[in-house]
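Working notes for the structure below.
The values are calculated or read from the model by the stated rules, or taken from the named source; none is laboratory data. A quick note: this is a predicted structure, and the numbers were derived from the prediction, not measured. Counting neighbours? That spans all protein chains shown, and the Cβs are built from the backbone with ideal geometry, glycine included.
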């Protein structure tokens, strides 16, 4: 144990914590994105609300999600510790600095980008996660025809004390599959109509893009996974996948709701 | 290295006049500050340090204390010179030390800001000279193969594949100037330390102490108060010997392997 | 005092093994009771300090740089010789010995040189074991090249940075001992005097260059590994800080100075570009393996080249004079350094020099590029070409390089016996600081070999013998000699700091350099040398009246450091001239115009000058006394060197 402790308190140990939590958050982003793509379905939120329920009630996923919250906190905390150490390593700064001559802007501003993301995550969690868990959300009832899955009847059920619960059953008599679920889709739709929220979301995704543009590859460098045979693949995934595609896909959702719904 | 291109391929005979903003600090305890000097009639063929020589000659004649800066071989190999010029370690050109920088890289009338390396682990000694003994202490902690003089095998009994020898050589070219630390926004010494760790981790001679070495050198590096690597790549870009940050990845690998998968512990 | 070189009896190859057996050993338990002071941390100093500490002695090292790793050995480019015969091309210890004696123009000791060749093979083994990344072939074994006029490939190299890699190897051995607590390293300390107690060296006085504190250090033996004195010429390929001070102080305390006039001028340096020049940059002479040296055939063409009306590459083949190939068909561009240098000077003196100043000849790679391809040439010499372009702003792939000789190495140095001991018991000199192995001219890739031979494989044996003889009696700095020496150092510093004249120390240094280069450089005459002697003594007198030395002692004061060094150069310069005057023959790097063959080659006078000139200091403003160590050649026949 003392070995682990000394290892993790060394400069390289702290960096490995940053990289592992960072990469874990990257994998989460993929899962999150796949789920969120359900928002684009024109089904009054059937798929999305079902997905939201699974994410919050399936035990293995719940465990992973707590790991995720911990990762965010550890990632941010270690970033803070490392930044303050780095400040101490240069108590007197330069009068003139030409950082652009030797390194990309993103790599030198991970702290600022990360702070933006942290603020975003707090607002984001408050708007969706906290609402979903604790607020009195209306329920959505979906009756999906067993013979034609495209035939869905949607009814909104206002919040009604404790009488309503999540239900999922097959009604043979009427030939439908019934799903009654918390209508998170409604909250999303409403929020994505707010211009300030859309702006915040998009700005944050730009920050995410820059953060991952450097962060993904940097994590591999820290782990020492840097072989010339695959370093270009890592760079490609980091820059095009995490630096461009994923943030654009995320940003597309609020924009889609804002402009087309 | 590819070709170096010069803005003026023809010999310029026109001399330049420059304004220098130089960091002056009497000793480690002095607060220090910038002082402005004029450098007049500077030939573009002068090296940057020769330009400072000229300024110093003028100062001495006026009875003033000349600007102190470290320098020795003046051919880019001893690693002694260490100026932060216009916001960059060793000045505006890549892959050279300050002593190899020539005035033809500047233009007439320019103002040049000259600062010492800035890092807690490199305290200023005087003016532009800093104390880099932290580097020596890191090397002392493990940057060697523990063999005594005599009693070693014949040189050709240790065959080494050429590509390994070449890669080790690339790491071994470090001159210990500290530009990596100076350029890094975190004042991290990772490139310096990893160059030595890499050299000996690659070569068969270094295998016996491979894992203790990396642990000892990283521990000493941390103790010296250098910052942490955030993989900006500034070190590699400013290194006069163009040592690659691949070395840093290799050191990380060595360190985690030693910590998580090997028996060796430092004491 | 009679000079005794202490060369062991017996056949050449038995001398060193027998001598090693006859040397006394120090009991392992007693070794830690001895302290050895090592001044200078280049190849000789670092290797000696590490090896002695490994044996169990306490060692203190001193260097004026901020780290031992920066000693000027680091700048050696080309390689290191060793008689490994890995190439199966006829090399042997005897051949390396023979080549070195011949290359030194028969002015070195047979016994020393044979030992050097003998241990050369161990050096390579040692360095490889340390992790020095020498160049290798695809089969994984070490690569060799032919170097500096050698007809066998015995040079081991690490790209163009062999000195750096060897020094970092020795530095790593040094670091290991510092870590173990057997060596204490004093950086940014300059040795300013030797303390002699009862005729034996027993300590040194140093100045802490940061605080100015004058310190005394006591030890049972003092090793001077302080390099050469090429900077007496102001412009040389030496580092700015390279100086004679430590050796000169030792000289004034009784150590004789051997062959001071033997300096080596290296043929392939980048020419001077103006008065501002502070140092010269050497390019490895491995360049001469593929480059062809030439000058325009006529003065008229040279004139056009100087004015920039023509470029080197514009000249037709028939207008070019490949003068080395023409005069020395057998060796061509690979003639020894002194021969190549002198020929370049002749060309310039004839008015056929090129470049803006007219003080340069061409080194042309056009043919090699055509034959091997540009990539292949780049792979071999890329770093040198880049360096050249960096300094001159000319592209050597397109235009021939301009080169001119520059002072590079000093074969002379403190006189030492076979044990590397100077005439002061307990005071040793290693590497370039001694005079011993290169005679009147050093072969390429032999300096690194000598520094490491002395440090790794000679001194650990010989110093033990001395220490065993004096016994492990503790030494400290309480003896009055320490206080007296310290006082002398302080007085001299005070005297230097009192100089508030009108001329900077650099101006004096530059003037001294001009005098030395003009009259005691590549070609020397009795008349010129006599003139130089007067000029130097006038300059020295003026220095002590009109120099400016700003600042105080109790601070980092680079002006004071420089002033002390230049003051010593001003004394050394005169001794070099005296030595050059005394030696009325030409040999190796010492070329007296009065003594040459009909073909213009150096003409030795073996009957009268086959000796080592060892000069004894007799006091300020008193002529030094010459002692002669006759050189005895039992194994090689003295012949006129010829590279035709």
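Miscellaneous remarks
- Residues of region B:209-227 satisfying the condition of being at positive phi and more than 10 Å from every other protein chain (Cβ to nearest Cβ): none
- Per the listing B:67, B:60, B:42, B:112, the residue uniquely within 14 Å of chain A (Cβ to nearest Cβ), modelled with pLDDT of 95 or more and farther than 23 Å from residue C:397 by Cα is B:112.
- When residue C:193 is tested against (1) more than 14 Å from chain B (Cβ to nearest Cβ); (2) under 30 Å from residue C:443 (Cβ atoms), exactly one condition is not met: (2).
- Count of residues meeting criterion [within 17 Å of the chain's Cα centre (by Cα) and part of a strand (DSSP E or B)] in region C:33-62: 1
- Criterion violated by residue C:434 - all others in (1) at pLDDT 95 or above; (2) surrounded by fewer than 24 Cβ atoms within 10 Å (Cβ to Cβ) satisfied: (2)
- Any hit, region C:178-187, residues being buried (at least 24 other Cβ atoms within 10 Å of the Cβ), part of a strand (DSSP E or B) and within 14 Å of chain B (Cβ to nearest Cβ): yes
- Those helices (runs of 4 or more DSSP H) lying entirely in region A:1-117 with at least 3 residues surrounded by fewer than 17 Cβ atoms within 10 Å (Cβ to Cβ): A:2-9, A:11-36, A:46-57, A:59-89
- Residue in region C:265-278 that is in contact (Cβ under 8 Å) with a residue 24 or more places away in the chain, within 14 Å of chain B (Cβ to nearest Cβ), part of a loop (DSSP other than H, G, I, E, B) and closer than 29 Å to residue C:188 by Cα present: yes
- Which listed residue is modelled with pLDDT of 95 or more, buried (at least 17 other Cβ atoms within 10 Å of the Cβ), more than 13 Å from every other protein chain (Cβ to nearest Cβ) and assigned to a helix (DSSP H, G or I), from A:198, A:203: A:198
- When the helices (runs of 4 or more DSSP H) confined to region B:160-208 are screened for residues that are over 17 Å from residue B:117 (Cα atoms), within 14 Å of chain A (Cβ to nearest Cβ) and at pLDDT 95 or above, those reaching at least 2 such residues are found at B:162-172, B:190-202.
- When the residues of region C:135-156 are filtered to those that are surrounded by fewer than 24 Cβ atoms within 10 Å (Cβ to Cβ), in contact with a strand residue (DSSP E or B) (Cβ under 8 Å, 6 or more places away or on another chain) and within 11 Å of another protein chain (Cβ to nearest Cβ), the one that is farthest from residue C:442 (Cα to Cα) is C:136.
- Residue list for region C:354-389, restricted to those being part of a helix (DSSP H, G or I), within 11 Å of another protein chain (Cβ to nearest Cβ) and touching a strand residue (DSSP E or B) at 6+ places or on another chain (Cβ under 7 Å): C:388
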